[in-house]
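Inspection log for the structure reproduced underneath, given as structure tokens.
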Amino acid sequence: MTEISERAAVRRLNDRLGFGPAPGDLDAGYDATVRRLLGPLTDPAAAAVTPPTGLAPPMAEKKDPAEKKDPDEKKDREAKKAAARQRAAQERTLGVWWLDRMVVSRTAAERLTWFWHGHFATSNQKVRNAAWMLGQNQTQRTHALGRFGDLAQAMVVDTAMIRWLDGQKNRRGTPNENLAREYLELFTLGIGKYTEKDVAEGARCLTGWVLGKDGKGATFQRKRFDSGSKTLLGRTGAFDAKGFAALALAQPASTNFVIGRLWFRLVSPTPPDSTTAGRLTTAYGADRDVRSLLTAMVAEPAFRDPASGLVKQPVEWAAGLMRALGVRPGKLDEKEQTKLLAGLRGMGQLPFRPPSVGGWPAGASWLTTSAGLTRLQLAQHLVKQADLSAVEDAKDKVAAVAAVLGVDGWSARTKDALAGVKDPAQLTAVAACAPEYVVSG
């Protein structure tokens, strides 16, 4: 099998397990890069970007129908608009904070937190509570490189997840199957690996969880829990939420499903062959160890295969570009932050806003003409915030911009196109939209 060069492989590691290389990262060896990304338990640079405080649900929510109608309807409308503005401001603060963490992160933990956000996709469009979204985000980060079982157990009773998939409507006698179905199909087993009876019985396992008033998190109320015997996934017992999760995780299909999802997003669109899958299953092990699995994945020949290119998602692309340019989202003024988020929205991807429980698409879905135009506009905006002296002062500006962006080489066609762009800022923006940068080589 033909392999990409060592330098290109190091770049691929930084793209797949991080958000692109920082200046100097491509000079490190492959093994040293693996140790940096997958070895540390903590990431001091990312940890220094402290999460926002004071996130609270807006005061103006739906009124109790028993209350008398407010005679001042205009005042009521203004209160609702103010609440909507407050929610939007909090979500904006949260999104910029996470982008800031992505830009400075030095280990794979932040990249895997992003992966799990897409896997256990939850949108603030429906949750409408930035504090709950932050709580889920922190949980996913805590378990990002740990045991998948711990993460899956935490997600089944996560407050934002319960709100997102109507878990608070699930009670004894009137089960709501939404969370149970998606948990089996999209989070743990995959399509066709469960029955409708498993869904119905699983919903009974998940009864009893309710959302607190005034934005407080989910709590368990035993009086709403169906404590009767349930039969699902080949077992019978008085299972609760954690019991339901454990049953799903114990299915052989769960191992194959999780490995397949990580492989598809981080290694190659081509599934691993049976021999490779066997090695990966061994690395994942009974503990469902994500760090061990990823270490095995990047050691596979397929990781260095030239055919294993992946199109960067908009957030991955933007975070990597800001890292390369030394631009910190958290240090931009409010107007510039708004432009950044608007650009990502225009490309179809914002943190905390997946389009559905299925998460975001992959591959060529991000290469539409409209997305390409928005990508160029955002690149032009970001380069204005950067110090481009390394490009401006270089004799070979095309080579210099490759070094800035961490691109190990341009194709002849791209090199010819870039050679015709004389302005350093425009050159950098155009280069950031070239196939060699948009695709994680």
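Couplings 3J(HN,Hα) for region 407-414, derived from phi with the Karplus relation 6.51 cos²θ - 1.76 cosθ + 1.60 (θ = phi - 60°), are 8, 7, x, 9, 6, 4, 5, 5 Hz, where x marks Gly and Pro. For W164, the shell of other residues with beta-carbons less than 14 Å away shows a net charge of +3, using +1 for Lys and Arg and -1 for Asp and Glu. The local environment of S123, defined by Cβ-Cβ distances under 14 Å, has a net charge of +2 under the rule Lys, Arg +1 and Asp, Glu -1. A straight Cα-to-Cα reach below 25 Å connects K397 with the lysines K312, K384, K415, K422, residues fewer than 8 places away in its own chain not being considered. Note on K81: aspartates and glutamates with a C-alpha under 20 Å away, same-chain residues under 8 apart excluded, are E61, D64, D70, D72, E73, E91, D214. Residues C205, C433, arranged from fewest to most other Cβ atoms within 10 angstrom of their Cβ, appear as C433, C205. A dipole drawn for region 310-440 from +1 and -1 charges on Cβ atoms has a positive end, and of G409, Q337, A324 the residue lying farthest that way is Q337.
Among the trypsin sites (Lys or Arg not before Pro) found in region 64-166, those both in a DSSP coil and sparsely packed, with 15 or fewer other Cβ atoms within 10 Å of their Cβ, are K68, K69.
Within 10 Å of each candidate Cβ there may be at most 11 other Cβ atoms; applying that plus a DSSP loop requirement, which chymotrypsin sites (Phe, Trp or Tyr not before Pro) in region 130-169 survive?
Numbers: sites: W132, F148, W164; in loops: none.
Filter output for region 130-169: empty list.
The fewest-to-most ranking of V210, V127 by surrounding Cβ atoms within 10 Å reads V210, V127. Going from the residue with the fewest nearby Cβ atoms within 10 Å to the one with the most, E300, E3 rank E3, E300.
About its Cα centre, how strong a charge dipole does the chain have in debye, to the nearest 20, once Lys and Arg get +1 and Asp and Glu get -1 at the Cβ?
Values: 62 positive and 47 negative charges, 286 e Å.
It comes to approximately 1380 debye.
Each part reduced to its alpha carbon centroid, region 392-428 and region 327-345 end up 25 Å apart. Which of the trypsin sites (Lys or Arg not before Pro) found in region 204-261 are loop residues per DSSP with 16 or fewer other Cβ atoms within 10 Å of their Cβ? Here the trypsin sites (Lys or Arg not before Pro) that fit, given the DSSP loop and packing criteria, are K216. Close amide H partners of S440, meaning residues 5 or more places away or on another chain with modelled amide H under 5 Å apart, are L310, V311, K312. Under the convention that each Lys and Arg Cβ holds +1 and each Asp and Glu Cβ holds -1, the size of the dipole of region 310-440 around its Cα centre is about 280 debye.
The E392 and T282 beta-carbon pair, evaluated with R₀ = 56 Å, returns a calculated FRET efficiency of approximately 0.60. Helix 314-325 and the longest principal axis of the C-alpha atoms of the chain enclose an angle of approximately 40°.
Ranking G29, P51, T282 by Cα position along the charge dipole of the chain, where only Lys, Arg, Asp and Glu carry charges on their C-beta atoms, puts P51 farthest toward the positive end. One Cα centroid belongs to region 98-115, the other to region 208-249; the line between them spans 32 Å.
Pairs of Lys residues in region 145-271, spaced 8 or more positions apart or belonging to different chains, with C-alpha separations under 15 angstrom: 4 in total.
Tell me whether the chain comes out rounded, prolate or oblate; compute the Cα gyration tensor, take square roots of the eigenvalues as a ≥ b ≥ c, and use a/c under 1.5 as the rounded threshold. Oblate, because a/c is 1.5 or more while a/b does not exceed b/c.
Read-outs: derived from the displayed coordinates by stated rules, not from any lab. What you see is a predicted model, and the numbers here were worked out from it, not measured in a lab. Here the Cβ is made from the backbone with ideal geometry for all residues, glycine too, and neighbour counts use every protein chain on show.
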